[in-house]
Amino acid sequence: MLDATTRSGGTATASPRATTAELAVAASPAATASPAAPTGFTARCTRVLLSPWSRLSLLVALLAAGACGVLLFEPQRLLTQGWPPQLGGAMAALVFAVAYGVCTVAFVPRPLLNLAAGALFGSQLGLGVSLAGTVLGAGIAFCLGRALGQDALRPLLRGRWLKAADGQLSRHGFRSMLAVRLFPGVPFWAANYCASVSRMGLLPFLLATGLGSIPNTAAYVVAGARASTPTSPAFLIALACIALPALAGVVVAWRKRHHLRRL
């Protein structure tokens, strides 16, 4: 009896024993195993550097560096010393809008920047550059928080207040952020980073920020533009538009205090 093949009409046919051996070799783990993941020093360093807490530490370091830079630059000098004389026209407006956005990321209060925009550029152009800087700063803060802080901070959302805020922003992002921007009380930077940790989308966040910031921004810009005439009707109306929403926010918070305690 032939062991490997049988010759019939010049055709070689593999025996069942040989076929079984070939299938066993093909199905063995060594033949189908994928390449092992790299376990060297470089791979371990990469995993550590890209871990959620490493990225959160980088975010904190960037924000601290930005805050220190703002303290050294002292943007409030724009209200007393004016804009650098070498910049003018459209270039000055563009530079101010970019600087506005960067300063809001580094925790500079927006009312100060809005007053400076009105004093430097007037009511109309000042409002335009302030809104552009507002949206730019909100977008930068949102992207930084989403990329560097969300993975580390989301597991920490365990308190009732934190869970309620996260659920509201995640399910009703646009209208929630619109309400936050319309009524004062929540710091601009805090709202940005809270939204970035939630599951809110970037586009609804930017649209709500742009629309909701118009009334408050316009009031501060007009006040800055008319600060030289504090008895003018425009200045007094601007002050009223600043004070009334703040008062309304206090009244709403007072009436909802029992509901907030139950959260």
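The values are calculated or read from the model by the stated rules, or taken from the named source; none is laboratory data. Predicted model, so just to flag it, every value in this text is computed and none were measured. Virtual Cβ from ideal backbone geometry, glycine too; neighbours counted across all protein chains shown. Please note that ligands, DNA and RNA were not included when accessible areas were found on the heavy atoms of the full protein model with its side chains. Shrake-Rupley method; radii C 1.70, N 1.55, O 1.52, S 1.80 Å.
Considering the conditions (1) modelled with pLDDT under 90; (2) open to solvent by 70 Å² or more (accessible area, probe 1.4 Å); (3) of a type in the set (S, T, N, Q), S51 is excluded by exactly one of them, (2). What are the residues in segment 203-249 that are in contact (Cβ under 8 Å) with a residue 24 or more places away in the chain, open to solvent by less than 50 Å² (accessible area, probe 1.4 Å) and part of a loop (DSSP other than H, G, I, E, B), if any? Correct list: S213 only. Condition (residue is without any contact (Cβ under 8 Å) to a residue 12 or more places away in the chain, among the aliphatic types (A, V, I, L, M) and part of a helix (DSSP H, G or I)) applied to segment 181-188: is it met by at least one residue? Checking segment 181-188: not a single residue is without any contact (Cβ under 8 Å) to a residue 12 or more places away in the chain, among the aliphatic types (A, V, I, L, M) and part of a helix (DSSP H, G or I). Residues that are at pLDDT below 85, open to solvent by 70 Å² or more (accessible area, probe 1.4 Å), of a type in the set (S, T, N, Q) and out of contact with any Pro (no Cβ under 7 Å at 6 or more places or on another chain) do not occur anywhere in segment 170-190. Only one entry in L72, L23 is modelled with pLDDT under 75, open to solvent by 90 Å² or more (accessible area, probe 1.4 Å), over 30 Å from T229 (Cα atoms) and out of contact with any Lys or Arg (no Cβ under 6 Å at 6 or more places or on another chain), namely L23.
Determine whether S176 is free of Cβ contacts under 8 Å to residues at least 60 places away in the same chain and farther than 27 Å from F73 by Cβ.
yes
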